[in-house]
């Protein structure tokens, strides 16, 4: 069976960074770099011309920012996946990019395996956040009391909220089951119940809900 090759555009104002990302991407049998840009203006023009599957976007560049480019691309190219690769792990950066429509956020100090994992996850329709970020940005210290009203008159059980938080972190059902020492079926049941209560249909909905509830503000 023929494997579809993911077409990827790299955007970074540092040639050395683009070279490193190019080597990582092109080393994968299902990925190929089809274009590169050193600034947001060139990135927008190139991406709108090539219509790749994924754009790997630097957050900070001279001129218009990666955030502005992300907002433009998500608006004009429905279905485009933007993976932000940056040095910034601060909450405001993460929040702004997720709210702009970015599908993933990875730190530049991450391993090549992490970058590849992020690409595969976002192409599969998931939101991906670097584990180094999610440990401090998304994981709550328990400030939100489980079972309380979280909006719209809807209450989640302690387990439902716990599972939603882990989903927002990018964990899959199998990983959640292992972490909580419960079955995958139990995870899926709680996930379905919670998402039905909140009228959610995707992992992206869960992450956006986490933003609205202030879970990303908790440390």
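Just so you know, all these numbers are worked out from the coordinates, no wet-lab data involved. In this text, all values refer to a predicted model and were calculated from it rather than measured experimentally. Every residue, glycine among them, receives a Cβ derived from its backbone with ideal geometry; neighbour counts consider all protein chains shown.
Some notes on this structure:
- Set the Cα radius of gyration of region 53-128 against 2.2 N^0.38 Å, with N its number of residues, and you get 1.00.
- What the Cβ-Cβ distance of residue 155 and residue 77 gives, at R0 = 45 Å and to the nearest 0.05, is a FRET efficiency of 0.75.
- Looking at region 1-75, the pairs of alpha carbons with a distance over 14 Å make up 56% of the total.
- Beyond 19 Å, the tail of the calculated P(r) for region 6-137 holds 40 percent of the Cα pairs.
- Linear extension gain, residue 45 paired with residue 5, 0.36 nm per residue minus alpha-carbon span: 12.2 nm
- The mean of 1/r over all pairs of different alpha-carbon atoms in region 158-217, once inverted, gives a Kirkwood hydrodynamic radius of 11.3 Å.
- Treating r as the C-beta distance of residue 188 and residue 89 and R0 as 22 Å, the FRET efficiency rounds to 0.10.
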